[in-house]
1. Here's a check for you: in region 43-92, which residue that is charged (D, E, K, R) and within 24 Å of the chain's Cα centre (by Cα) is surrounded by the fewest Cβ atoms within 10 Å (Cβ to Cβ)?
2. Please pick out the residue among ARG95, ARG113 that is part of a helix (DSSP H, G or I), open to solvent by less than 20 Å² (accessible area, probe 1.4 Å), touching a residue at least 12 places away in the same chain (Cβ under 8 Å) and under 15 Å from PRO42 (Cα atoms).
3. It is to be established whether one or more residues within region 238-245 are in contact (Cβ under 8 Å) with a residue 60 or more places away in the chain and open to solvent by less than 40 Å² (accessible area, probe 1.4 Å).
4. Can you find a residue in region 78-88 that is touching a residue at least 12 places away in the same chain (Cβ under 8 Å) and touching a Lys or Arg at 6+ places or on another chain (Cβ under 8 Å)?
5. Do we find that ASN136 is out of contact with any Phe, Trp or Tyr (no Cβ under 9 Å at 6 or more places or on another chain) and among the polar types (S, T, N, Q) in this structure?
6. Taking SER235 as the residue in question, decide whether it is of a type in the set (Ser, Thr, Tyr) and within 26 Å of the chain's Cα centre (by Cα).
7. Filter region 136-168 for residues that are among the hydrophobic types (A, V, I, L, M, F, W, C), surrounded by 24 or more Cβ atoms within 10 Å (Cβ to Cβ) and over 23 Å from THR31 (Cα atoms) and give the result.
8. Which condition does ALA493 not pass, out of (1) open to solvent by less than 30 Å² (accessible area, probe 1.4 Å); (2) within 30 Å of PRO151 (Cα to Cα); (3) in contact (Cβ under 8 Å) with a residue 24 or more places away in the chain; (4) of a type in the set (A, V, I, L, M), if it passes all the others?
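The values are calculated or read from the model by the stated rules, or taken from the named source; none is laboratory data. What you are looking at is a predicted structure, and each value in this text was computed from that prediction instead of being measured. Here the Cβ is made from the backbone with ideal geometry for all residues, glycine too, and neighbour counts use every protein chain on show. Accessible surface is based on the protein model in full, side chains and every heavy atom, while ligands, DNA and RNA are left aside. Shrake-Rupley method; radii C 1.70, N 1.55, O 1.52, S 1.80 Å.
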Amino acid sequence: MSVDVARPRTVRSGLVVLVLLGQMAVAMLVTAVGQTPTIDEPVYAGTAVTYLEWHSLRYNPEHPPLGKLIIAAGLSIARPQLDPGFRGDQTELGRHVLYESGNDPGLLMLLARLPVMLLTLLFGVVVFVFARDLTNPVGAVLALTVYAFDPDVITHGSLATLDVPAAGFLLTAVWLTWRAHRSRPWTYLALAGAALGAALAVRASVLPAVAVVLILARRRFWVVGAVATAVVWLSYLAVDPGLSWTPPPDLPDVHGLRGVLVDLLPFPQPYRDGMRIQFGFEDNTFSGFLFGHRYVGSRWYYLPVALLVKTPLALLVVWAASAVAMLVVPRLRSAAGYVLAAPALLLVVSMTGARNYGTRYVVCLPIFLAVAVAALTVVGRRWVAPAAGTLAALVAASSLAAFPYYLPYANEAFGGPARTHLYLHDSNVDWGQDLGRLARHLRTRYPGEPVWLVYKGAGVPSAYGISAGDPLRVPSSEVHGLLVVSDSAVAKATGRLSGLLATSGEPIDEVGHSMSIYRRR
């Protein structure tokens with residue numbers, strides 16, 4: 001009898017999972033097809049091609065290779081061409097592979113993005129199962145709903161970048177560690193180590209969370225650590241079995257505690273040198289933009305404020321309530337460390353970073369907190385679960401209203417995607433993703449008109465049929481017609497560009513909520 005009752009429930013749960021992940025897949029696919037390369041993607045795609053063709057670790061050493069190997073799995077289908085004599089830097093490499101080697105840039109970017117999209121869907125399954133383990137099937141559905149409709153997860157899950165894979169593997173490691181304390185500890189801890197190693201082999205930025213996972217593993221922490229270390233080594237050996245490595249000539253010197261910690265890591269030399277490069281970045285001074293103000297340096301509160309803008313309002317409420325529930329509901333209190341500790345630690349560490357570029361640096365937050373949302377279904381108040389369901393529906397509605405402009409998403413309190421550029425910049429709103437849309441827009445709305453373009457991105461405008469002059473290379477008195485400016489460039493405009501914008505009036509049009517069009521008489 002119990003089996004007969006359980007089977008329909010399992011079928012219903014499976015159908016709900018398929019529907020939720022199906023709509024997420026459609027949202028990511030449409031987004032991926034509609035967007036041209038963002039700033040980071042050509043570097044990763046170009047590096048992935050060198051993995052396939054040259055088995056070389058030379059390019060993009062600041063990030064471990066697994067994420068780019070995942071991207072390479074998609075690119076291998078197209079067998080992209082690469083000039084054996086190419087000797088440029090990694091930025092030039094990306095441009096060369098996409099635009100100068102006879103490859104189809106649209107096809108290559110879609111193939112590069114597909115493996116990341118598939119992983120994002122699989123991490124959705126982890127969210128569902130982890131939430132079900134902690135609560136019940138209703139909680140699992142609630143968790144998957146907020147995950148599948150989260151604009152940031154859809155955005156970065158549809159790009160050939162490293163943020164979602166690293167966060168998703170980390171969540172998987174934590175979930176498997178949780179399972180290890182309930183059955184088959186050796187098996188689950190070994191799998192947890194593999195997932196943790198995968199996270200580390202995608203992005204070294206997850207290193208602070210290693211301590212959390214090892215503490216959660218308790219007495220058998222060494223199993224997790226040993227397997228994770230092996231996976232990191234294997235990711236490098238998969239690229240170059242000989243581990244041929246020549247440190248770049250401009251490799252930063254890292255001294256003090258950071259240098260000691262880097263030297264102690266049981267990872268290949270290229271990994272440790274990649275960390276030295278990252279520490280070199282962190283020692284630099286960058287500029288930022290927040291709520292209409294340009295600034296030099298970083299602001300510790302940047303990420304919390306950016307999250308307030310970029311997260312659906314209902315989801316902010318659900319997150320806060322679920323975190324409290326995890327801490328106060330007796331049956332969930334022991335799980336709070338698994339669900340809340342790692343993202344909280346990574347948020348705090350990221351808040352100290354030198355680069356205020358986007359909420360993608362803490363995409364682990366929506367991924368982990370999606371699991372926490374399930375806690376609202378076991379709170380001992382009858383109205384809480386229905387209220388949580390209503391809020392989840394509002395999250396879905398806000399997300400769907402932004403379709404397909406998930407990258408520049410802002411919640412309704414800040415005016416939606418059309419106004420994100422007034423508050424944030426870079427990967428929060430304009431990451432160079434709309435060259436294709438701009439080309440179509442100019443052809444259909446402004447055929448034959450002279451165009452001047454200030455584009456912040458990694459794409460090549462002429463590859464999409466855009467013929468435009470550079471307004472910063474001629475006197476402003478000669479700039480007549482359409483002036484198109486990336487919103488990130490508008491946000492941080494100084495000098496010549498600032499003067500041009502001051503004499504161009506208000507925008508007459510926009511593209512993708514990331515580029516503004518002005519008319520100069």
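1. Out of the qualifying residues, it is ASP89.
2. On the way: ARG95 fails: open to solvent by less than 20 Å² (accessible area, probe 1.4 Å).
Answer to the check: ARG113.
3. Checking region 238-245: at least one residue is in contact (Cβ under 8 Å) with a residue 60 or more places away in the chain and open to solvent by less than 40 Å² (accessible area, probe 1.4 Å).
4. No, region 78-88 contains no residue that is touching a residue at least 12 places away in the same chain (Cβ under 8 Å) and touching a Lys or Arg at 6+ places or on another chain (Cβ under 8 Å).
5. Details: out of contact with any Phe, Trp or Tyr (no Cβ under 9 Å at 6 or more places or on another chain): yes; among the polar types (S, T, N, Q): yes.
Criteria met by ASN136.
6. Taking the combined requirement at face value, the residue satisfies it.
7. ALA140, LEU142 - these are the residues of region 136-168 that are among the hydrophobic types (A, V, I, L, M, F, W, C), surrounded by 24 or more Cβ atoms within 10 Å (Cβ to Cβ) and over 23 Å from THR31 (Cα atoms).
8. That leaves (3) as the condition not met.
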